[in-house]
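The values are calculated or read from the model by the stated rules, or taken from the named source; none is laboratory data. Remember, predicted model here, so these are calculated numbers, not experimental data. Note: ideal-geometry Cβ built from the backbone for every residue, glycine included; neighbour counts use all protein chains shown. These accessible areas exclude ligands, DNA and RNA; they are computed on the full protein's heavy atoms, side chains included. Shrake-Rupley method; radii C 1.70, N 1.55, O 1.52, S 1.80 Å.
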Amino acid sequence: MAEPGSGLPSGLAAPRFLPWLTGLVAGMAFLSFLQKLLYPYFWSDLWYLLKVVRCGLWTGKHRQKGELVTVLDKFLIQAKKRPQKPFIIYEGDIYTYEDVDRRSNKVAHVFLNHSPLKRGDTVALLMSNEPDFIHVWFGLAKLGCVVAFLNSNVRSVSLLHCIRSCEPRVLVVGADFLETIEDILPSLPEGISVWAMKDSVPQGITSLKEKLSTATDCRVPRSHHAISNTKSPYLYIFTSGTTGLPKAAMICHLVAINSSIGLWAFGCTSDDIIYMTLPLYHSAASLLGIGGCIELGATCVLRKKFSASQFWNDCRKYNVTVFQYIGELCRYLCKQPKREGEKDHRVRLAIGNGARSDVWREFLDRFGNIKICEFYGATEGNISFMNHTGKIGSVGRANFFHKLFFTFHLIKYDFQKDEPIRDEQGWCCDVKKGEPGLLISQVNEKNPFFGYAGNKKQTEKKLLCDVFKKGDVYFNTGDLMVQDQENFLYFWDRIGDTFRWKGENVATTEVGAIIGMLDFIQEANVYGVVVPGYEGKAGMASITLKPNKSLDLEKVYEQVVTFLPAYARPQFLRMQEKMEATGTFKLQKFKLVEEGFSPLKISDPLYFMDNLKKSYVPLTKEIYDQIILGKIKL
């Protein structure tokens, strides 16, 4: 028997029990110490794995039942479950889940009754951030159509290229872009009907807004959009890629479903109010943002365009708890004049990519206890990372659990030849930890790469074959990454013919082609240069002139403003007598990038884009100093 009052089980004497209990406690304490010392991120990694497994189990369960659930199906479930819950808040107006369902039904019935559209057809959508973007998107999805999101910054030749590449039967245009389409209307491929969200439209264009006023909002039968394969096309989202004009990345239903769980994976709930200022044509806003709100049954506050001065006012006005960002967005907020009450808000999470370490720290110091949830993923890519630990500057961690689902490598890259380094046997080589390497991800049944619409050549260019063994295939992300000793990954730079500026990828071949259209330009070699205090790289074009021609700086300015979006316009020009080229006639950029735009290092004439004078002007030492000091904004 135990001693009276000892509280120990019968037959277990205190002197025997206490050493055993002490040893157990000591052992657990030692194991805990060992785990924190050797595996400090074990529990956060395990939490991440469990979330991934839970999603996989949910998908598998429905697949076994013969149910292939799409993002649209999930929206319809939410509309039935919580019809009066605000889904979209736009300029003070509230659109409930039921409102969006009914309005999108009207869109579907208009096209069902007044167009030859059928299941599987592609429809191009050119519209700014507004509720009707979502109404049209969902309405067309209810008919089983594939929607191509056109970048609203693209104009003229590039816009025509985008439209042709996705081969739409219908083009739907927002009221803001009617003039843009009128400019290219005669050049559109035959057979495309144009619809505009405006009452009064020119000849040759149909008013969608007028027909919506009399359309029924009855439910559209599911048979129109039910799918038999999750890898069938759902959207086309345009991306610059690594070369050339914009390419239409094929987004299948499986990718859309996987993307929609991102907000949930970072800890968002149905009670969150998510602030969306990113363009809806971008995958971050449409797949992660709108898709994520649907997954949660949450509310999205949609803004037409990002405004740094109104950002926190909106957050307070609408009780925002989560916002999506790109790196530039956070920097713009930090550059705003300091005001009282900057920490007076309810924002708890910021989800996005491209936040620089110094901006990340400044943002937290200035705006309060907001968890920055950084992630990595290309629109067309087959790999993603999530920084679920909050490590500043990192895009994620290559833990053991992550490697169960994704096979990726950081390989050695030759910056001068602009290609992966291969050994004597022809195989690629992994970099050491701490060294920058090209991120590649294995393409297989589990992680496929779907490529680009109507562009087999560009699809093949994104693939690396025979990388580590004969027959293996990897997706080339075009991104250079660094992995530290704790296996955290950090974005380092873009490779090849692309750089990033103002949160957008800039394809140098496209910019060069636009400048090369001028009758006095012989060659244009476009690249990105580092400017202190800015994310990414500013555009710079090295040019040569045709014989007996002179440089017209006003015409160069007019050309780039007319044909290029603001983020793609070169900030600097460099005039050279002769271009250096490789043995395969590829223009050399390595040395030009290294030399930058400093008039102290470069003897060639340099010019700076002056928007006030509407021309390029000589880049003097005084102007250069003002740019470096941040007195002249780019």
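List of remarks:
- Residue check, Leu573 under 16 Å from Ala513 (Cα atoms), among the aliphatic types (A, V, I, L, M), open to solvent by less than 50 Å² (accessible area, probe 1.4 Å) and not in a loop (DSSP other than H, G, I, E, B): yes
- So Leu245, is it under 23 Å from Ala378 (Cβ atoms), open to solvent by 50 Å² or more (accessible area, probe 1.4 Å) and within 25 Å of the chain's Cα centre (by Cα): yes
- Residue satisfying condition, being of a type in the set (Asp, Glu), modelled with pLDDT of 95 or more and farther than 20 Å from Tyr234 by Cα, within set Asp93, Asp101, Asp121: Asp93
- In summary, Tyr376 fulfils each of the numbered conditions (1) open to solvent by 30 Å² or more (accessible area, probe 1.4 Å); (2) part of a strand (DSSP E or B) with the single exception of condition (1).
- Of all residues in the stretch 229-258, exactly one satisfies the criterion of being free of Cβ contacts under 8 Å to residues at least 60 places away in the same chain and of a type in the set (Ser, Thr, Tyr), namely Ser232.
- Residues in the stretch 396-426 that are of a type in the set (A, V, I, L, M) and open to solvent by less than 40 Å² (accessible area, probe 1.4 Å) were compared, and the one that is farthest from Leu50 (Cα to Cα) is Ile411.
- Pairs linking a residue in the stretch 531-549 that is surrounded by 20 or more Cβ atoms within 10 Å (Cβ to Cβ) to a residue that is β-branched (Val, Ile, Thr) and assigned to a loop (DSSP other than H, G, I, E, B), with Cβ atoms under 6 Å and 6 or more positions apart or on different chains, are Lys537/Val530; Ala538/Val531.
- Which listed residue, of Ser193, Ser156, is at pLDDT below 95 and open to solvent by 10 Å² or more (accessible area, probe 1.4 Å): Ser156
- Filtering Val173, Val201 for residues that are aliphatic (A, V, I, L, M) and over 14 Å from Asp132 (Cβ atoms) leaves a single hit, Val201.
- Condition broken by Gly390, with the remaining ones in (1) touching a strand residue (DSSP E or B) at 6+ places or on another chain (Cβ under 9 Å); (2) surrounded by 14 or more Cβ atoms within 10 Å (Cβ to Cβ); (3) modelled with pLDDT under 90 satisfied: (2)
- Enumerated helices (runs of 4 or more DSSP H) restricted to the stretch 286-356, each holding at least 1 residues that are within 20 Å of the chain's Cα centre (by Cα): 291-296, 327-335
- In the condition set (1) open to solvent by less than 40 Å² (accessible area, probe 1.4 Å); (2) among the aliphatic types (A, V, I, L, M); (3) part of a helix (DSSP H, G or I), Ala513 is compliant with all but (1).
- Qualifying positions in the stretch 465-510 - among the small types (Gly, Ala, Ser) and part of a loop (DSSP other than H, G, I, E, B): Gly471, Gly496, Gly503
- Taken together, Thr239, Thr206, Thr230, Thr277 contain a single residue that is open to solvent by 40 Å² or more (accessible area, probe 1.4 Å) and of a type in the set (Val, Ile, Thr), which is Thr206.
- For Ala308: the one exception among (1) touching a Ser or Thr at 6+ places or on another chain (Cβ under 9 Å); (2) open to solvent by 10 Å² or more (accessible area, probe 1.4 Å); (3) without any contact (Cβ under 8 Å) to a residue 40 or more places away in the chain: (1)
- Leading residue by the ranking (most open to solvent (accessible area, probe 1.4 Å)) among those in the stretch 427-442 that are closer than 17 Å to Asp472 by Cα and in a strand (DSSP E or B): Asp430
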